Amino acid sequence: MSLINLQKKIGVTADGAFGPGTFKRAAAYYKLSPNRAAHFFAQTAHESGNFKAFSENLNYSVKGLRGTFGKYFPTSLSAQMYARQPQRIANRVYANRMGNGDAASGDGWKYRGRGALQLTGKETYQAFANYIGRPDIMDNPDLVATELAFESALWFFDRNKLWSICDQGINERTIHALSSRINGSKNPHGLDDRRAKTKKYATWA
């Protein structure tokens, strides 16, 4: 739905398909240079599973919890108590950090990852809400997964000074540097996909 929301916003056929028409119109709408647009939409496409997932999926199995959140679930028994319970998982693993209250506050679930680049945590939502002048986000954080999915990602690029990397062109070094900053790893996950998308979208500019 978020891609369809974007297409409606920019005035193209809202068919949920991301092609050259949507790319060009979105780049113009957000005033992105060709290089910035190629990088931005490649990274958001990868992070959102080709613009399909705009809200964090926390429906983990025991194995998934142990592998992803081992710090919070050090044993299979502890993981078993939370497996396949997304709301309880979020409230446990995101409690008392990123501006969230304790597990009982429900902040972990309320401010779980949303948007094209998964904003997470009450502090981050508040910072974005302040930036865009939308205090209603704090009471209705699902706005970040729908109406403001791409605006939140643009803010992420602004906040983390990523545009200067995009401006260095479409090349291996730049794609790797940007991917590392977004993924938080020297060996970013899905680098091949990010690279392929960036180069593909650059031909649409």
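Restricted to region 83-116, and to residues there that are among the polar types (S, T, N, Q) and in contact with an Asp or Glu (Cβ under 7 Å, 6 or more places away or on another chain), the residue that is surrounded by the fewest Cβ atoms within 10 Å (Cβ to Cβ) is N96.
Restricting to region 159-205, name every residue that is in a helix (DSSP H, G or I), charged (D, E, K, R) and over 24 Å from P20 (Cα atoms). Spell out how you get there, then give the answer.
As a first pass, look at region 159-205 and keep what is in a helix (DSSP H, G or I): 159, 163-166, 172-183, 191-202.
Checking the rest, the ones that are also charged (D, E, K, R) come to 159, 172-173, 181, 192-195, 197, 199-200.
Across region 159-205, the qualifying residues are R159, R173, R181.
Taking the listed residues A129, A116, A153, the one that is touching a helix residue (DSSP H, G or I) at 6+ places or on another chain (Cβ under 7 Å), of a type in the set (G, A, S), part of a loop (DSSP other than H, G, I, E, B) and under 22 Å from L6 (Cα atoms) is A116, with no other qualifying. Taking every residue in region 5-18 that is assigned by TED's automatic domain parsing to the domain that holds F51 and pairing it with any residue that is part of a helix (DSSP H, G or I) and surrounded by fewer than 16 Cβ atoms within 10 Å (Cβ to Cβ), at least 6 positions away or on another chain, the pairs with Cβ-Cβ distances below 6 Å are I10/Y29; V12/G21; A14/I4; A14/K8; G16/I4. Quick one: in region 175-205, of everything that is under 10 Å from Q43 (Cβ atoms) and aliphatic (A, V, I, L, M), which residue is nearest to the chain's Cα centre (by Cα)? The selected residue is I182. G67 - would you say it is in a helix (DSSP H, G or I) and loosely packed, with under 14 Cβ neighbours inside 10 Å? Answer is yes for this residue.
Of all residues in region 19-34, those that are without any contact (Cβ under 8 Å) to a residue 12 or more places away in the chain and in the same structural domain as C166 (by TED's automatic domain parsing) have Cβ atoms under 6 Å from Cβ atoms of residues that are of a type outside the set (F, W, Y) and buried (at least 16 other Cβ atoms within 10 Å of the Cβ), 6 or more apart or on another chain, in G21/V12. Considering the conditions (1) outside any helix (DSSP H, G or I); (2) farther than 27 Å from G169 by Cβ; (3) modelled with pLDDT of 95 or more, A90 is excluded by exactly one of them, (1).
The values are calculated or read from the model by the stated rules, or taken from the named source; none is laboratory data. Because the structure is predicted, anything quoted here is derived from the model rather than measured. No Cβ is skipped: glycine too gets one built from the backbone with ideal geometry, and neighbour counts run over all protein chains shown.
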